[in-house]
Amino acid sequence: MKRRQLIAAALLAAIVPACTEAEEKSAGKPYPLETCIISGEELGSMGKPFVFDYKGQEVKLCCKACKSKFDNDADTHLKKIQEGGRK
């Protein structure tokens with residue numbers, strides 16, 4: 001039984017850093033703003049930003065709750081991001 005636990009721990013130790021590293025990299029254009037495009041909150045003010053890629057553009061939101069609001073009008077928000085946040 002201990003051997004299985006050791007093998008599982010070794011596999012987990014190898015997998016977790018690789019997953020974390022992948023989350024931090026974005027395949028898209030870097031997010032140009034210092035604020036959340038949805039709430040206007042400064043990124044990092046509510047903890048680690050929620051980061052994802054949308055149509056080749058990295059998007060950073062202040063929190064995961066803003067994702068559904070982004071999804072409601074994603075292309076409009078994408079355009080605002082690409083224009084530097086101007087409305």
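The values are calculated or read from the model by the stated rules, or taken from the named source; none is laboratory data. Since the model is a prediction, treat every value here as computed from it, not as a measurement. Glycine gets a Cβ as well: all are built from the backbone with ideal geometry, and neighbour counts include every protein chain shown.
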Residues being in contact with a Lys or Arg (Cβ under 6 Å, 6 or more places away or on another chain) and of a type in the set (A, V, I, L, M) - total across region 40-60: 2
Selection from region 45-87 of residues that are out of contact with any Phe, Trp or Tyr (no Cβ under 8 Å at 6 or more places or on another chain), assigned to a loop (DSSP other than H, G, I, E, B) and touching a residue at least 12 places away in the same chain (Cβ under 8 Å): 46, 49, 55, 56, 84, 85
Region 45-87: number of residues that are surrounded by 12 or more Cβ atoms within 10 Å (Cβ to Cβ) and among the small types (Gly, Ala, Ser): 4
Test: residue in region 65-74 that is out of contact with any Cys (no Cβ under 6 Å at 6 or more places or on another chain), of a type in the set (Lys, Arg) and at pLDDT below 95: no
